[in-house]
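*Asks:* Pasting a structure here, questions to come.
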Amino acid sequence: TMVRLVAATLFLACAGALRAPSRLIGRAMAARSASQPRVVPMMMAWEEPSFSPVTVKSIKPSTGRGHYEVTIEASAAFLASYTTPGQYVQLRPSADVKAGFFVIASAPRKDGVMLDFLIKEVEATLWLTNAKAGAEALMCAPTGKGYVTSAITNPDVTCTNVAFCAAGTGIAALKALIEADGADGASLIGLGGAGRTAQLFYGCQSLDVMAYTDMFEAWEKRGVQVVPVLSRAPEFDGAKGYVQSLLASHLKAPAQTVIVLCGGKEMQIAVKEEATKLGIPESSVLTNF
């Protein structure tokens, strides 16, 4: 057809145009290279943060098997940069050991000198889970953007429900936000207030590895409905499966819901995909990084 003929002609013309001047282009580039110095792109080097001595104030087993609740003591000035739930620190036993990243489990407090952490015992954290009170460590100042909660608190945004979604030790970051208070002493994000509900979907394999179960009652009193979600406990009477699989059937008012998320990469991707299906915009799914 005429359309195909024209298209073929244009293609051959373009191909010929690309081939014919290639020698000219090569000469021009060579001349330019000879007349101008070569610019080599610079790679930005990783700048290690500054570490300061801190003290392990206390350590105790959490309700979740293989998890420990650790409290670190540092100066108020050093901890002044902890302003937003969801921030993290780097910790290491000494300067010759690679630091690990740990999200802060306690809420920001003015003039606070203590930070709480939930530590899962693995080979890289044995130095900390086996530590005794009074042991010294090195820690960088709290950093990271944390949770930008304006999507919840902005009066121009209608948020009638907050859905906390956690898996494993990701509960630590959400604990900090659930327990955070504003300058007026009330919940930072209006938990327990009129016109706003809150749900916590907390996923683990089984109840025996679920941390902070002793805090559930206090969180309920702050206005958070706690929904344990177990993936490997067929005898469990409650919610089974994975956090993302419950959202469609359990979420209150999806159109006015803000999701606050912390967990493994695959879990976070799955929750975001489910949120999209439910019509929850990306701006209403909060992460701490």
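*Asks:* From the phi angles alone, apply the Karplus equation (6.51, -1.76, 1.60; θ = phi - 60°) to segment 246-251 and give each ³J(HN,Hα) in whole Hz, x where the residue is Gly or Pro.
*Replies:* Listing the rounded values in order: 8, 4, 4, 9, 10, 6 Hz.
*Asks:* Could you tell me, in Å, what Rg and Dmax come out for the Cα atoms of segment 130-289?
*Replies:* 16.2, 50
*Asks:* Measure up Lys110/Lys277; Lys145/Lys265; Lys98/Lys265 against 30 Å on the Cα-Cα distance and list the ones that go over.
*Replies:* Lys110/Lys277
*Asks:* Further question: List the residues whose amide H sits under 5 Å from the amide H of Ala198, counting only those 5 or more places along or on another chain, with H placed 1.01 Å from N in the peptide plane.
*Replies:* Sorted by chain and number, the residues that satisfy this are Val162, Gln225.
*Asks:* HN-Hα J couplings of segment 132-145 from phi, Karplus 6.51/-1.76/1.60, θ = phi - 60°, integer Hz, Gly and Pro as x?
*Replies:* Here the 3J(HN,Hα) series is 10, 4, x, 5, 9, 8, 10, 9, 8, 5, x, 8, x, 7 Hz.
*Asks:* Mind pulling up the Rg/Rh value for segment 194-272? Radius of gyration and Kirkwood radius, both on Cα.
*Replies:* Reported Rg/Rh, Kirkwood definition of Rh: 0.95.
*Asks:* Related question: Can you tell me which aspartates and glutamates have their Cα less than 20 Å from the Cα of Lys272? Leave out same-chain residues fewer than eight positions away.
*Replies:* Once the sequence-local aspartates and glutamates are set aside, what remains near Lys272 is Glu282.
*Asks:* Please report, in whole Å³, the volume per residue of the convex hull around the C-alpha atoms of segment 172-234.
*Replies:* Roughly 84 Å³ of hull volume per residue.
*Asks:* Hey, any idea what the orientation-averaged projected area of the convex hull of segment 58-196's Cα atoms comes to, in nm²?
*Replies:* 9.2 nm²
*Asks:* Something else about it: Quick check: pseudo-label points 7 Å beyond the Cα along Cα→Cβ at Ala135 and Lys110, how many nm apart are they?
*Replies:* Placing both labels 7 Å along Cα→Cβ, they lie 3.5 nm apart.
*Asks:* For segment 161-229, what does the accessible surface come to per residue with a 1.4 Å probe? Please give it in Å².
*Replies:* 34 Å²
*Asks:* Of the GluC sites (Glu not before Pro) in segment 181-263, which ones lie in a loop per DSSP and count no more than 14 other C-beta atoms within 10 Å?
*Replies:* Glu235
*Asks:* Next question. Return the percentage of antiparallel bridges among DSSP beta bridges fully within segment 150-210, rounded to the nearest 5 %.
*Replies:* DSSP beta bridges in segment 150-210 are roughly 10 percent antiparallel.
*Asks:* Ok, one more. I need the trypsin sites (Lys or Arg not before Pro) found in segment 131-176, filtered to DSSP loop residues with at most 12 other beta carbons within 10 Å of theirs.
*Replies:* For trypsin sites (Lys or Arg not before Pro) across segment 131-176 that sit outside H, G, I, E and B with at most 12 neighbouring Cβ atoms in 10 Å, the list reads Lys132, Lys145.
*Asks:* While we're here: Dividing the Cα radius of gyration by the Kirkwood radius, what Rg/Rh value follows for segment 85-141?
*Replies:* Answer for segment 85-141: 0.95.
The values are calculated or read from the model by the stated rules, or taken from the named source; none is laboratory data. What you are looking at is a predicted structure, and each value in this text was computed from that prediction instead of being measured. When we count neighbours, we look across all protein chains shown, and the Cβ atoms used for this are built from the backbone with ideal geometry, even at glycine. In case anyone asks, the SASA skips ligands and DNA or RNA and just uses the protein heavy atoms, side chains included. Shrake-Rupley method; radii C 1.70, N 1.55, O 1.52, S 1.80 Å.
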